[in-house]
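Engineer: This is the structure I have questions about; it appears just below.
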């Protein structure tokens, strides 16, 4: 009996520590984040372009580094309004014990202009591999508009994006609609190549079968190399 208890105690402690860590690392409801975004674009020719997106997030009421997202890729415009893109993305989570996700992505994009109003629609697929060999396949559907504000250089931006999990084996997540992001903000060019933006994003998502809201302050820089 003593031998059984001696063997079981570490396992029970490890199990309790795992659940304690989950409670500690779970995102608090209505947490406030700061998200800094940098987009770089290089036009290779009239149809091909290289794009690099980087996103740094700070959570826990803007007090703790949460994660870094890096997304390089190539886009091919096969008409004035339609394009496809593909590349690689890595989601690096902090603190270090949290899992990293990485893998390829593919985009199908539609851009249009109605007078001075710009519209964009994007269908994105991601195949994300975890460090424990789990695989998450998901689809993201985004629609957004940009509206100039009078004759000023400023514009108003609105977008909404839905995340749908398709394959969740080994990830601990559930299939189906997982997340929704709604963004409102403002932007303006500050030079021929540089544009700045700032806004608010409401991020609603499911974590451990509980839906939570995250309030994000988003700051962005978009730079065109040519």
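The values are calculated or read from the model by the stated rules, or taken from the named source; none is laboratory data. Keep in mind that this is a model prediction, so the values were computed, not measured. Note that we place each Cβ from the backbone using ideal geometry, even for glycine, and neighbour counts take in every protein chain shown.
Each row is one residue, and each column tells you yes or no for (1) touching a helix residue (DSSP H, G or I) at 6+ places or on another chain (Cβ under 7 Å); (2) surrounded by 13 or more Cβ atoms within 10 Å (Cβ to Cβ); (3) closer than 30 Å to residue 186 by Cα.
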| site | (1), (2), (3) |
| --- | --- |
| 101 | no, yes, no |
| 107 | no, yes, yes |
| 110 | no, yes, yes |
| 113 | no, no, yes |
| 118 | no, yes, yes |
| 137 | no, yes, no |
| 141 | no, yes, yes |
| 146 | no, yes, yes |
| 149 | no, no, yes |
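Engineer: I'm trying to understand the selection: among the residues of segment 57-69, which are buried (at least 17 other Cβ atoms within 10 Å of the Cβ) and over 14 Å from residue 124 (Cβ atoms)?
Structural biologist: Within segment 57-69, 57, 58, 59, 66, 67 qualify.
Engineer: Take residue 176 and decide whether it is within 20 Å of residue 141 (Cα to Cα), modelled with pLDDT under 95 and in contact with a strand residue (DSSP E or B) (Cβ under 8 Å, 6 or more places away or on another chain).
Structural biologist: yes
Engineer: If you don't mind, there's one more thing I want to ask. Output the residue which, of all residues in segment 79-96 that are assigned to a loop (DSSP other than H, G, I, E, B) and in contact with a strand residue (DSSP E or B) (Cβ under 7 Å, 6 or more places away or on another chain), is surrounded by the fewest Cβ atoms within 10 Å (Cβ to Cβ).
Structural biologist: That would be 81.
Engineer: Quick one: which residue in 99, 111 is more than 14 Å from the chain's Cα centre (by Cα) and either assigned to a loop (DSSP other than H, G, I, E, B) or closer than 27 Å to residue 33 by Cα (or both)?
Structural biologist: Only one candidate qualifies: 99.
Engineer: Specify the residue that is nearest to residue 210 (Cα to Cα); the eligible residues are those in segment 19-45 that are part of a loop (DSSP other than H, G, I, E, B) and at pLDDT 95 or above.
Structural biologist: My answer is 30.
Engineer: Of the numbered conditions (1) in contact with a strand residue (DSSP E or B) (Cβ under 6 Å, 6 or more places away or on another chain); (2) within 19 Å of residue 207 (Cβ to Cβ); (3) not in a strand (DSSP E or B), residue 66 satisfies every one except a single condition; which is it?
Structural biologist: In the conditions (1) in contact with a strand residue (DSSP E or B) (Cβ under 6 Å, 6 or more places away or on another chain); (2) within 19 Å of residue 207 (Cβ to Cβ); (3) not in a strand (DSSP E or B), residue 66 misses (3) alone.
Engineer: Failed condition for residue 207, given (1) touching a residue at least 40 places away in the same chain (Cβ under 8 Å); (2) touching a strand residue (DSSP E or B) at 6+ places or on another chain (Cβ under 8 Å); (3) surrounded by 14 or more Cβ atoms within 10 Å (Cβ to Cβ), with all others met?
Structural biologist: (2)
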